Amino acid sequence: MSGQVPEPSGPAIRFAGVAHRYGKTVALADIDLVVPAGIMAGLIGPDGVGKSTLLGIVAGATRIQTGSVEVLGVDMRRSSERRRAGARIAYMPQGLGRNLYPTLSIAENLDFFARLFGQGPAERAARIDELLAATGLAPFRDRPAGKLSGGMKQKLGICAALIHDPDLLILDEPTTGIDPLSRRQFWELIARMRARRPGMSVIVATAYMDEAERFDWLAAMHDGRIIASGAPAELRQRTGEATLERAFVALLPEDIRAEDQPLPTLPRTLVDGPPAIEAEGLTCRFGTFTAVDHVSFRIGKGEIFGFLGSNGSGKSTTMRMLTGLLPASEGEAKLFGQKLDANDMETRRRVGFMSQAFSLYGELTVRQNLTLHAELFQLPMAEIGNRVGEMLDRFDLGGVADQRPDSLPLGMRQRLQLAVALVHRPEVLILDEPTSGVDPVARDGFWRILLELSRKDGVTIFLSTHFMNEAERCDRISLMHAGKVLAVGTPAELKAERDMDKLEDVFIDVLEQAGMGSEQADEDAAVAPVFAARPTRRFDARRLFAYAWRESLEIARDPARLVFAFLGPLLLLLTFGFGISFDVEHLRFAAFDQDQSTESRQLLESFQGSRYFDEQPPITAPDEIDQRLKSGDIALAIEIPPDFGRELQRQLTPEVGVFVDGAMPFRAETMRGYVSGLAQSYLSDAIARRTGSETSPYPIGIESRFRYNQAFKSTNAIVPSVIVLVLVLIPAIMTALGIVKEKETGSITNFQATPVSKIEFLIGKQLPYVVIAFLNFLMMVLLARFVFDVAVKGSFATLAAATLAYVLATTGFGLFVSSFVKSQVAAIFATAIIAIIPAVNFSGLLVPVSSLSGSGRLIGLAFPAAWYQPVSVGVFAKGLGLAELWPNILILIAFGLVFIGASVVALRKQGA
């Protein structure tokens, strides 16, 4: 324990007048609640009632909008107290392995979490060994988290939460979406951990009422309010119900209870003919991994078939093959005796599919979603209006027809998904865990619809579920594990075969016989020794380097990011270095010589002898000039009139037509300069031939000398400038993606609910990309030297110091962008557009910043590229050093500090 906050003498948590909104949606309303300390407390209720918001506030991950919250005797409204209390709180957010890092191994994940709490090497090793032994994960310590089963991910999540020996453990729906065996093992693990840490308080949110029966104390929630609290036995006694699920229903408001009607008993009518669904040796492989392994079963018309199995057993993959969304590697599937053809629209019309996650369009209304899917399945336009109205009435959605799905309760969204799946009148309905997270009343209402579809309409229903009471309602069920179907039969038959009363016991017995859950916990594992208390500091370099270490590991194990990080800059430099050139040479020209005199030939010879021009076949007619310029065959046409030589000998002023392709103004302006120069050279030669002495046509002589880049090669300017562009684009994008990815995956919770400060998080995430960017710089310098023959003529130390300051600024800019965007796509576009426009247009790449005026000049000077470009070009081409460039380096450092500071201000430690 931290030792910084005194042990609470009162409750574990106290809420007073807590309210919370997300826009117009009320998540919590006037919560007054006291949660006792030292017990296992539960928040029960379906999804969307405010459980996660309440727990997020307790963990410090969600901001308190109204009211007050005390956790372990600490006022969570004060940031300093919240940071100190964070060392005594562990938070496991909702979502299977959501706060874990899939590319890190079990041991590396735990090592990272231990570092966040400032643990030294010895303490980290001792605690990791203790937890892995206690959970049975020790044999798998080097396995990546992304390759764990659902149950093992939950075990790892608990280990990560307990790594710092917390006084309060917060679990937000830790078993939602995992199979019964994994659920049972999870709660056995929690019981063992509580026995090893008897003073620890635990608060759990769950929608499973059978789990809540084992808790010491409960608070029931509905519509953002606490509707009852007390021990499970007290709630049952208060309502006079035998089970907690029925007691919860009895506590609901009267209008909700009115919808709670017994499910009808509707016998199934057997129908002759081929099976509705038939799978023979169905197999699906992803590379070397076999997700579904020779699965065979038959489902009759109008049958409700339950598909049960462990997490990752292949249920969803099988369903996708049966809908035609995924091709089978082997075997075949049949619908009503006909082979399933995913490309046949008639086949797709016979199947309705409802995915596990909500998959409709949030920007469309309920009515628009139904209409869209009716059109997608090509229902006749004259029927769509009536069919949509029928679906709205049948599923009781008429009152919300013009609302968007995001504003609806979960049960209503599930009814909408089912209505969409049925809008085209399918004969087969495939449902992937359709009632996960729904309250008991809504779940029974959903099943009432399914029974009517099966018994009255003859729709064949194939569904997966983890609720055993739902499996009991199926006509037949199958049990699946590791891609294989292990048992098929009616619930009564499967229970009779194993002489068991509960279907859950049958499920667990079948999976255990198949080898699931074989990892054995060492209940006698040694408890880690007690280490000295660690003060919770405002800034701790160990937490900073924990994020830097973890980010480095993730980059090293992601081939796409590695290629982008190291190969991307080199490819850009090669592409721009060879592809962009300001050298205007080998311009194709043709002459229309109507004089054919010695003088005209001498004029053309001056073009022929120049390295800037390449002669093409002569022009033979006036119309050919425009034709060849238009086709791009030539860039320059010279028309010499008749009597050109005679008029020149008579010292008259003959006119020569020069036609320049002006489609590219820069090239055209350069060609005009070349032509003028060659014309002056020709006149000088003509005067010399006539007078016998060299005489300039002008009274003064001008001779240009290039102080730098004497060869006048574009690469000497382009390569240093491209380095400027590359070091602003790729490091900024990668840094921005590194942080936004945490927001999308949910691992940002590890920052929000731990003592990690914003500066520790930001700098820790930034450091690996600074190192990568500097390595890119070194590789590009070598590429410039040995591929483009562009050497560093000035001080390399000055260039390296400026580059380090520059990449600190550009990665800092990526941090700033990522602090307010919410998706990786937005991060890429925002970073690329905001970074590249000033870097190309206003940094001095095309026009010197000193030549810009007004807003253009201000934009250029307000971005670091304008200050690094003179350094890069100056050191490479001009031989400059620290004496000339130190002001630019200081300004670049200032940019980095400003961007990091702005990121600290913009980043929110707590969610809304």
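The values are calculated or read from the model by the stated rules, or taken from the named source; none is laboratory data. Because the structure is predicted, anything quoted here is derived from the model rather than measured. Cβ: placed from backbone, ideal geometry, glycine included. Neighbour counts: every protein chain shown.
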>> Which pairs turn up if I take residues in region 565-582 that are closer than 22 Å to Phe774 by Cβ and look for partners that are of a type in the set (S, T, N, Q) and modelled with pLDDT of 80 or more with beta carbon separation below 9 Å, at least 6 apart in sequence or on another chain?
In response: Ala565/Asn776; Phe566/Asn776; Gly568/Asn776; Pro569/Asn776; Leu570/Asn776; Phe576/Ser721
>> For region 745-766, give me each residue that is outside any helix (DSSP H, G or I) and either surrounded by fewer than 18 Cβ atoms within 10 Å (Cβ to Cβ) or in contact (Cβ under 8 Å) with a residue 60 or more places away in the chain (or both).
In response: Gly746, Ser747, Ala753, Thr754, Pro755, Val756, Ser757
>> Every residue in region 197-225 that is in a loop (DSSP other than H, G, I, E, B) and either out of contact with any strand residue (DSSP E or B) (no Cβ under 7 Å at 6 or more places or on another chain) or among the charged types (D, E, K, R) (or both), please.
In response: Arg197, Pro198, Gly199, Ala207, Tyr208, Glu213, Arg214, Asp216, Asp223
> Pick from Ala90, Ala85, Ala134: which is within 15 Å of Phe751 (Cα to Cα), over 30 Å from the mean Cα position of the chain (by Cα) and small (Gly, Ala, Ser)?
Replying inline: Ala85
> Got a sec? Which of Thr575, Thr598 is over 33 Å from the mean Cα position of the chain (by Cα) and surrounded by fewer than 18 Cβ atoms within 10 Å (Cβ to Cβ)?
Replying inline: Thr598
> Which of the residues belonging to region 279-322 are touching a residue at least 40 places away in the same chain (Cβ under 8 Å), under 25 Å from Ser149 (Cα atoms), out of contact with any Cys (no Cβ under 9 Å at 6 or more places or on another chain) and not in a strand (DSSP E or B)?
Replying inline: Ser310, Asn311, Gly312, Ser313, Lys315, Ser316, Met319, Leu322
> If you take the residues in region 246-262 that are assigned to a loop (DSSP other than H, G, I, E, B) and within 42 Å of the chain's Cα centre (by Cα), which one is farthest from Ile299 (Cα to Cα)?
Replying inline: Pro253
>> Tally up the residues in region 39-69 that are buried (at least 21 other Cβ atoms within 10 Å of the Cβ), free of Cβ contacts under 8 Å to residues at least 60 places away in the same chain and more than 30 Å from the chain's Cα centre (by Cα), please.
In response: 1
> Among the residues of region 108-127, which ones are more than 18 Å from Phe761 (Cβ to Cβ), aliphatic (A, V, I, L, M) and buried (at least 20 other Cβ atoms within 10 Å of the Cβ)?
Replying inline: Leu110
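Of all residues in region 324-366, which are among the basic types (Lys, Arg) and surrounded by 18 or more Cβ atoms within 10 Å (Cβ to Cβ)?
Arg348, Arg350 - these are the residues of region 324-366 that are among the basic types (Lys, Arg) and surrounded by 18 or more Cβ atoms within 10 Å (Cβ to Cβ).
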>> Is it the case, given these coordinates, that Ala382 is among the aliphatic types (A, V, I, L, M), without any contact (Cβ under 8 Å) to a residue 12 or more places away in the chain and under 30 Å from Gln154 (Cα atoms)?
In response: no
> Given region 391-498, what helices (runs of 4 or more DSSP H) lie entirely inside it while holding 3 or more residues that are within 36 Å of the chain's Cα centre (by Cα) and small (Gly, Ala, Ser)?
Replying inline: 410-422
>> Would you confirm whether or not region 593-608 contains a residue that is in contact with a Gly (Cβ under 8 Å, 6 or more places away or on another chain) and assigned to a loop (DSSP other than H, G, I, E, B)?
In response: yes
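Residue-wise test of (1) free of Cβ contacts under 8 Å to residues at least 24 places away in the same chain; (2) crowded, with 23+ Cβ neighbours inside 10 Å; (3) basic (Lys, Arg).
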| site | (1), (2), (3) |
| --- | --- |
| Pro768 | no, yes, no |
| Leu778 | yes, no, no |
| Val792 | no, no, no |
| Phe796 | no, no, no |
| Leu799 | no, yes, no |
| Phe813 | no, yes, no |
>> Just to be sure I understand the filter: pairs with C-beta atoms under 6 Å, separated by 6 or more residues or on different chains, first member in region 177-201 and under 15 Å from Leu96 (Cβ atoms), second member assigned to a loop (DSSP other than H, G, I, E, B) and among the β-branched types (Val, Ile, Thr). Which pairs pass?
In response: Arg183/Thr175; Phe186/Thr175
>> For region 226-238, give me each residue that is over 43 Å from the mean Cα position of the chain (by Cα) and outside any helix (DSSP H, G or I).
In response: none
>> Can you find a residue that is modelled with pLDDT of 85 or more and over 26 Å from Val49 (Cβ atoms) anywhere in region 396-415?
In response: no
> Mind checking whether some residue in region 855-867 is modelled with pLDDT under 90 and of a type in the set (Ser, Thr, Tyr)?
Replying inline: yes
>> Please go through (1) assigned to a helix (DSSP H, G or I); (2) over 20 Å from Val584 (Cβ atoms) for Ile619 and return the number of the only condition it doesn't satisfy.
In response: (1)
> Pairs, please: C-beta under 6 Å, at least 6 apart or cross-chain, first residue over 30 Å from Gly177 (Cα atoms) and aliphatic (A, V, I, L, M) and in region 79-95, second modelled with pLDDT of 85 or more and not in a strand (DSSP E or B)?
Replying inline: Ala85/Leu72
> Does any residue of region 189-196 turn out to be touching a strand residue (DSSP E or B) at 6+ places or on another chain (Cβ under 9 Å) and more than 30 Å from Ser464 (Cα to Cα)?
Replying inline: yes
>> Exactly one of these conditions fails for Pro641: (1) modelled with pLDDT under 80; (2) closer than 24 Å to Ala621 by Cβ. Give me its number.
In response: (1)
> Taking only pairs six or more apart or across chains, which ones have beta-carbon atoms under 8 Å, a first residue in region 100-112 that is without any contact (Cβ under 8 Å) to a residue 24 or more places away in the chain, and a second residue that is aliphatic (A, V, I, L, M) and buried (at least 19 other Cβ atoms within 10 Å of the Cβ)?
Replying inline: Asp111/Ile128
> For region 648-669, does any single residue satisfy the condition of being more than 18 Å from Val584 (Cβ to Cβ) and in a helix (DSSP H, G or I)?
Replying inline: yes
> Any residue in region 535-555 that is modelled with pLDDT under 70, of a type in the set (Gly, Ala, Ser) and within 29 Å of Ser747 (Cα to Cα)?
Replying inline: no
>> Going by what's in this entry, would Arg628 be described as under 53 Å from the mean Cα position of the chain (by Cα), farther than 15 Å from Glu585 by Cα, at pLDDT 85 or above and in the same structural domain as Ala591 (by TED's automatic domain parsing)?
In response: yes
> Among the candidates Val510, Val506, which residue alone is under 18 Å from Thr318 (Cβ atoms), part of a helix (DSSP H, G or I) and at pLDDT 85 or above?
Replying inline: Val510
